[in-house]
Each structure stands twice: as structure tokens, then as C-alpha cells.
1. Could you please let me know if ARG164 is in contact with a strand residue (DSSP E or B) (Cβ under 6 Å, 6 or more places away or on another chain) and exposed (fewer than 15 other Cβ atoms within 10 Å of the Cβ)?
2. Give just the number: which of (1) surrounded by 15 or more Cβ atoms within 10 Å (Cβ to Cβ); (2) in contact (Cβ under 8 Å) with a residue 60 or more places away in the chain; (3) farther than 13 Å from VAL63 by Cβ does ILE130 not satisfy?
3. Just one of (1) in contact with a Lys or Arg (Cβ under 8 Å, 6 or more places away or on another chain); (2) farther than 25 Å from ARG168 by Cα trips up ILE100, so point out which.
4. From LEU126, LEU85, grab the single residue that is of a type outside the set (Phe, Trp, Tyr) and assigned to a strand (DSSP E or B).
5. All but one of (1) farther than 28 Å from TYR207 by Cα; (2) in contact (Cβ under 8 Å) with a residue 12 or more places away in the chain hold for LYS119, so report the exception by its number.
Amino acid sequence: MTKLASIAAVLVLLSLTFVFGSISHAQSGRRAAKPPSPAVPTPTPEPTPSPKATPTSKPPINVVVGMDGNGGFQNFPSYFYTTVLESFIKELSKEARLDIVNGGDITRGEATKKAKQEKEGYVVHLQLGIESMNPGARSNDARDVIVEYILMAPATTKIEASDRINARTYQNRGILRQPTPGIYNDYMLEEAAKAAAEGVAEFFKRYGPAHQN
């Protein structure tokens with residue numbers, strides 16, 4: 001090989017080396033770009049729930065209950081009056097929205113005056129009548145008792161409810177055997193008082209305090 005041919009071969013080899021190097025560099029530069037990372041979603045803030053309004057409980061209805069003891073002209077033993085008053089209050093107190101106050105011994109006139117002075121409270125006046133033609137008669141038998149009640153509205157003293165209940169009505173109810181006279185009397189008085197209290201409670205169930213308007 002001549003010297004000229006050797007030089008030409010070297011030049012060709014160098015050219016090929018340059019060409020392949022350029023191709024390799026170009027391919028390395030064309031590497032696939034990494035896909036962009038997905039955007040992290042921004043959490044949407046949850047709406048703050050509005051505080052629930054606390055239901056306002058209605059204030060209790062005040063009811064004053066008094067018994068007319070008839071002063072010195074009682075037709076019955078004193079415990080008859082006490083038994084009826086206490087049994088009436090106990091039964092009426094079962095109504096959760098009523099606030100019962102024991103007014104003690106009170107005449108009809110005093111009850112009316114108290115109701116007139118009240119702004120929101122009601123007044124119940126209890127009285128024991130006697131099953132006799134003689135209003136001045138006296139008896140130790142509960143079968144002769146009539147439980148009378150009136151419910152007066154505040155301020156106006158309007159009579160919202162009233163009734164007369166004969167204790168005799170209960171003489172043959174709920175007794176399995178003949179009790180002693182004292183227990184029998186108590187039973188009839190208590191049942192008559194309960195019936196009277198239920199009559200007052202029924203008014204508040206049906207109408208409520210707004211009925212007076």
C-alpha cells in the first residue's frame with residue numbers, strides 16, 4: 001500500500017468515527033422526556049355545619065290549688081278535706097308541664113281575688129258538698145261527699161272548667177273485699193279527687209294557657 005493510500009484510509013476511519021459519534025450523541029439527546037407528574041388536587045374545604053338551634057322548652061304553667069274548708073261549718077271530718085286536696089294535687093302533678101302549688105285553705109272569694117292578681121298562673125278552687133237536702137248536715141260517710149272544683153283563668157278569673165263528682169260513684173269499684181269504713185272512705189275520696197284532677201288536666205291538654213285569649 002502506498003503512503004497516499006494509507007493516509008486516505010486513516011481519513012476515512014476518522015470520518016466514520018466522527019459520524020457514528022454524532023449519531024450516538026444525537027440519539028442520547030433524543031431520550032423520551034419523563035411524563036409530567038399529575039397535579040395533586042387541592043382538597044375542597046367542607047362547609048362548617050351551622051349549629052342546630054336548641055329548642056326552647058316552654059315554661060311550666062303555674063296552678064294554685066286550694067280547698068275551701070268551710071271554716072267552722074264543716075260538713076265532714078277534717079281529714080276528708082285533706083285527703084281530697086292532697087289526692088287532687090298528686091294526680092294533677094302527673095302533668096309534666098304544670099307546676100302545682102298547694103294553696104291550702106282558701107275560700108271562693110279568696111280564690112277569685114288571687115286569680116285576678118295572677119298574670120299567668122291559674123287557680124283551682126276545691127269544695128266538698130254534701131249529698132243531703134240539709135246544707136248544714138254533717139256526715140262521716142264519704143258516700144255523701146260531692147267534690148266540686150272550678151278552674152279560673154289568670155287576670156280575667158274566667159271559669160275555664162268546673163264539675164261536681166259524687167264520691168258515691170266509686171263505692172263498688174276496685175274493692176275486692178269489704179274494707180274497714182275508714183279505708184273505704186279514703187278510697188272513694190281519693191278516686192273522686194283523681195277524677196276532678198283529670199278534668200282540670202284535660203283542659204290544659206285541649207287548650208293550654210292561650211285559650212284564655
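FYI, it's all coordinate maths here, none of it is from the lab. These numbers come from a predicted model, not from an experiment. Heads up, the Cβs are rebuilt from the backbone with ideal geometry, glycines too, and the neighbour counts pull from every protein chain shown.
1. yes
2. Condition (2) is where ILE130 drops out.
3. Among (1) in contact with a Lys or Arg (Cβ under 8 Å, 6 or more places away or on another chain); (2) farther than 25 Å from ARG168 by Cα, ILE100 violates only (1).
4. On the way: LEU85 fails: assigned to a strand (DSSP E or B).
Of the residues listed, the single one that is of a type outside the set (Phe, Trp, Tyr) and assigned to a strand (DSSP E or B) is LEU126.
5. (1)
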